[in-house]
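Written below as structure tokens is the structure these notes are about.
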Amino acid sequence: MTVYELIQELAQFKPDTEVTFHVEAKMDLDVEAEFDRSNEDDTQDVTVEADIDENFDYEDITNHESSYYHNKEAIINLTY
């Protein structure tokens, strides 16, 4: 999406409308899990599937339009 396209999408709303970002996703995560088996700690690398269904807040926009970056883009940073 270009900046122009984003502005066109947002132009349909009143200027004082709050913007939130909702994310629904599934992703596999590689984590280290610790199990307590027969009074013996056991650490094991496992892959888990995580479901995300959360609202994120706008933090800022990172500008990557300079010639230093090969892919010219604006990155919208979100926080949770």
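Annotations for the structure displayed:
- Calculated Cα Rg over 2.2 N^0.38 Å (choose from [x] 1.05; [y] 1.74; [z] 1.91), label: [y]
- FRET efficiency, D41 to N77 (Cβ-Cβ, R0 35 Å, nearest 0.05): 0.40
- For a paramagnetic label modelled on N63 (point 7 Å from Cα along Cα→Cβ), amide N atoms under 20 Å away belong, within the range 1-30, to 1-8.
Read-outs throughout are calculated quantities, based only on the coordinates presented, and are distinct from any laboratory measurement. The model shown is predicted, which means the values in this text are computed figures rather than measured ones. Note that we place each Cβ from the backbone using ideal geometry, even for glycine, and neighbour counts take in every protein chain shown.
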